[in-house]
Ligand SMILES: NC(=O)c1ccc[n+]([C@@H]2O[C@H](COP(=O)([O-])OP(=O)(O)OC[C@H]3O[C@@H](n4cnc5c(N)ncnc54)[C@H](OP(=O)(O)O)[C@@H]3O)[C@@H](O)[C@H]2O)c1
């Protein structure tokens, strides 16, 4: 029943069609990315920070699909913000992905205290105008930072990718994006698996004969948010996207809307997150710290 629907697209503010259902790739592997594409997902989310752009490029090639059949998002990392650095970072991403264009390029985090996101955006506008990127957007941006882009630059972001799941619904940003014609995209849509533990979601899931993850993804779909859950397991990916044979009624939508609290955030705070090291180095440092603590 849902075959075909998984390929549904949304039209971005520059006319580009973006698949509404995608695949998050952090901490995954090439085989599962290739499998997800062959299964039907056409929107693959990566980032230079994840250190897996090369793997994504290979998975797309090995899927047997043409490059233009897969929508690839990547992101400029914090340490590459600024005009010249962003131009160089983009070339690096293209090389890693082994492609000559990117569908969507995002500023990964605003890092407002560094005050470089405007220069970064101007570099992205140049790449966009040169035809090297099909759409440009932001991630983890609050309206005040998008307002600056609006006032000081030429092109409005097509996307704002933010943390959004039942326990942390950033509705102020959502309402702003809806008003401005910016598409919202949810990261950590399953609250990294924690939605499965919710008593309230379990009750709703039982009513529809679905899982909490399916109810969550259906909720986000009905809220008109682009989603890209991650899983390393084929059976879960299949199950997660089996959401087109039911529809949440208004009452259940309201109940799920009421689950959001300010304490629900599981990722970093965009006001204060300025990490310059990439994920691989951060993990290495953490592991070494833990090893030292265990030895004490
Ligand atoms: N822009 C940003 O700053 C930013 C930040 C974070 C993430 N992202 C992007 O968003 C993507 C998704 O977010 P995320 O990876 O943080 O979290 P997520 O998609 O909410 O959750 C992924 C976790 O949930 C588990 N899971 C998946 N399906 C499940 C199911 N049906 N039941 C129980 N557990 C399930 C997965 O484990 P298994 O592998 O064992 O299934 C994995 O541990 C990322 O991969 C990344 O591409 C972007």
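Quick rundown of the values:
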quantity	calculated
Where residue 238 falls short, out of the listed (1) crowded, with 17+ Cβ neighbours inside 10 Å; (2) within 15 Å of the ligand (Cβ to nearest atom); (3) within 29 Å of residue 71 (Cα to Cα); (4) modelled with pLDDT of 95 or more	(1)
Subset tally (residues that are more than 13 Å from the ligand (Cβ to nearest atom) and in contact with a helix residue (DSSP H, G or I) (Cβ under 9 Å, 6 or more places away or on another chain)) for region 185-202	1
Helices (runs of 4 or more DSSP H) lying entirely in region 135-210 (those with 1 or more residues that are closer than 20 Å to residue 229 by Cα)	171-180, 199-208
Given (1) in contact (Cβ under 8 Å) with a residue 40 or more places away in the chain; (2) within 16 Å of the ligand (Cβ to nearest atom); (3) surrounded by 14 or more Cβ atoms within 10 Å (Cβ to Cβ), index of the condition residue 217 fails	(1)
Unmet requirement for residue 136, which otherwise passes all of (1) under 21 Å from residue 45 (Cα atoms); (2) loosely packed, with under 15 Cβ neighbours inside 10 Å; (3) in contact with a helix residue (DSSP H, G or I) (Cβ under 6 Å, 6 or more places away or on another chain)	(2)
Some residue of region 98-113 being within 14 Å of the ligand (Cβ to nearest atom) and more than 16 Å from residue 161 (Cα to Cα)	no
In region 226-274, the residues that are without any contact (Cβ under 8 Å) to a residue 24 or more places away in the chain, assigned to a loop (DSSP other than H, G, I, E, B) and within 18 Å of residue 205 (Cβ to Cβ)	249, 258
Strands (runs of 3 or more DSSP E) enclosed by region 1-106 - at least 1 residues per element that are without any contact (Cβ under 8 Å) to a residue 60 or more places away in the chain and surrounded by fewer than 23 Cβ atoms within 10 Å (Cβ to Cβ)	9-11, 17-19, 71-76
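The values are calculated or read from the model by the stated rules, or taken from the named source; none is laboratory data. From a predicted model like this one, the values you see are computed outputs, not experimental measurements. All Cβ positions, glycine included, derive from the backbone under ideal geometry; neighbour counts span all protein chains shown.
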